[in-house]
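I have placed the structure first, in the form of structure tokens, so that the comments after it can refer back to it.
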Amino acid sequence: MLSTLPLLKHLELHTECAIDLVDGFRWESVSHDLVTLNFYFIVHLDNVEQTLDSFRTCYWLTEKRWFVAYKRRRFFSIPYFGKTSVSMGFRRHVFSTAINDQICFDHVTALESSASTAHINHYFPNVRTLKLNDVCHFKTISSIVPLNQITHLILSYWITNWTMISDCIEQIPSLHTLSVMNNSSELLECKQSIYFKQIKTLHIDAQWPLNVIDRIEELGRYFPSVEYLHATSYCSSIFVRMIDGFKHLSNGSFMFTRVSEIQRKDWSVKPEWAIYGARRLRVGKFTCHFSEPYIYVWIDEQPPQSSWLLYWYQRRDYLLVRLKLKLQALQNYADNLFNCFMLNKLCNAIVCQ
């Protein structure tokens, strides 16, 4: 088939196939003109090493530098179909034609690390997302990944020293996205002045104690440059305070851990009710969308000419829809009452007969 496509330079295949298609010698005879060849075959091999030997010729390893691996009925090109996200404890491909593991390490863009695995002697030069499962010394981490290239840092452990986190982040100049998966509320108890000015995108997944809810707006002081916010909570008032606290917020996605039936009905009609009361939204344009369990908000910093009219229009719409729902409920109640009356009258008529 390839002989009929003389101009073909790049080929990628995904298919379930027979064993005879997994033959390095056959592919060698038809792939000389290809610049790239990547395949992902679903196939069962009884003699894996014998099959791999056909892909270990000078043509594959030296001339083309095309490498393959086999794992659990999957025969695939590496690093093209290799993992881009790994943990430090991952195991190398048992069946592979790669000369060493570095070809796979170079393909990794997201790494998960912990103190127990940070001593492993591997280097991942292209990691952009780093997840830390416990406290790690950044001096150790810098021997594993290039800190100056990290753009997204995920902290999934219980943070007890936010000052140390601030000092560490200053060592990551390209960082613009921070995910805090645990006790974000502890930051509000910090007595020192800490600022994360380089963070543009913030992910917060935390439980908010009642004693800090009124202070959530202060988060905007610690993260003065945040434009994109992703947060999780059970309470809409928390999201309202976040919208008011992050002065440069333009895009927010808020996940509710629980949504009542009344909220589901109301927000499906008017999603902005989920964030009703946010002061910032009274003086600017915004768009809201509800897709359970998320509320998405897009904020335009440019205020309309009559911002106070926008507020009263929103208030009017809110009251009108609430009134409509109340009338529908009363109508249903009246219909049920009328049906009961007619049924009772019919029963009396039958009894009288």
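In segment 1-60, how many residues are among the β-branched types (Val, Ile, Thr) and closer than 19 Å to Arg73 by Cβ?
Going through segment 1-60, the residues among the β-branched types (Val, Ile, Thr) turn out to be 4, 15, 19, 22, 30, 35-36, 42-43, 48, 51, 57.
Among the residues that remain, those that are also closer than 19 Å to Arg73 by Cβ are: 15, 19, 22, 42-43, 48, 51.
Within segment 1-60, residues that are among the β-branched types (Val, Ile, Thr) and closer than 19 Å to Arg73 by Cβ number 7.
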### Query
In segment 180-203, how many residues are in contact with a helix residue (DSSP H, G or I) (Cβ under 9 Å, 6 or more places away or on another chain), surrounded by 17 or more Cβ atoms within 10 Å (Cβ to Cβ) and closer than 17 Å to Thr129 by Cβ?
3
### Query
Since Asn148 meets every condition but one in (1) in contact with a Pro (Cβ under 9 Å, 6 or more places away or on another chain); (2) closer than 16 Å to Lys83 by Cα, which condition does it not meet?
(2)
### Among (1) outside the structural domain of Ser113 (by TED's automatic domain parsing); (2) under 37 Å from the mean Cα position of the chain (by Cα) - the single one Met88 does not satisfy
(1)
### Query
Which condition does Ser29 not pass, out of (1) assigned to a helix (DSSP H, G or I); (2) touching a strand residue (DSSP E or B) at 6+ places or on another chain (Cβ under 6 Å), if it passes all the others?
(2)
### Message
Being assigned by TED's automatic domain parsing to the domain that holds Asn121, surrounded by fewer than 18 Cβ atoms within 10 Å (Cβ to Cβ) and not aliphatic (A, V, I, L, M): is that true of Thr177 here?
### Response
no
### Summary
Residues of segment 47-79 being more than 17 Å from Thr15 (Cβ to Cβ), in a loop (DSSP other than H, G, I, E, B) and in contact (Cβ under 8 Å) with a residue 12 or more places away in the chain, in sequence order, are Ser54, Phe55, Arg56, Thr57, Lys64, Trp66, Pro79
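Hey, can you tell me all the residues within segment 1-30 that are more than 17 Å from Thr51 (Cβ to Cβ) and in contact (Cβ under 8 Å) with a residue 12 or more places away in the chain?
First pass over segment 1-30, keeping only residues more than 17 Å from Thr51 (Cβ to Cβ): 1-12, 14, 30.
If the condition is that a residue be more than 17 Å from Thr51 (Cβ to Cβ) and in contact (Cβ under 8 Å) with a residue 12 or more places away in the chain, then Leu2, Ser3, Pro6, Leu8, Lys9, His10, Leu11, Glu12, His14, Val30 are the ones that fit.
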### Query
Among the residues of segment 169-178, is there at least one that is over 23 Å from the mean Cα position of the chain (by Cα) and within 17 Å of Tyr222 (Cβ to Cβ)?
yes
### Message
Based on this model, can you work out whether Pro173 counts as over 30 Å from Pro125 (Cβ atoms) and outside any helix (DSSP H, G or I)?
### Response
no
### Query
What pairs come up if the first residue lies in segment 211-231 and is in the same structural domain as Thr177 (by TED's automatic domain parsing) and touching a residue at least 24 places away in the same chain (Cβ under 8 Å), the second is charged (D, E, K, R) and assigned to a loop (DSSP other than H, G, I, E, B), and their beta carbons are under 8 Å apart, counting only those six or more places apart or on different chains?
Gly220/Lys247; Pro224/Lys197; Pro224/Lys247; Ser225/Lys197; Ser225/Lys200; Val226/Lys200; Glu227/Lys200; Tyr228/Lys200
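May I ask you to verify whether Asp20 is outside any loop (DSSP other than H, G, I, E, B) and either modelled with pLDDT under 95 or out of contact with any strand residue (DSSP E or B) (no Cβ under 7 Å at 6 or more places or on another chain) (or both)?
yes
The values are calculated or read from the model by the stated rules, or taken from the named source; none is laboratory data. This is a predicted model, so every value here is computed, not measured. Positions of Cβ are backbone-derived with ideal geometry, glycine not excepted, and every protein chain shown enters the neighbour counts.
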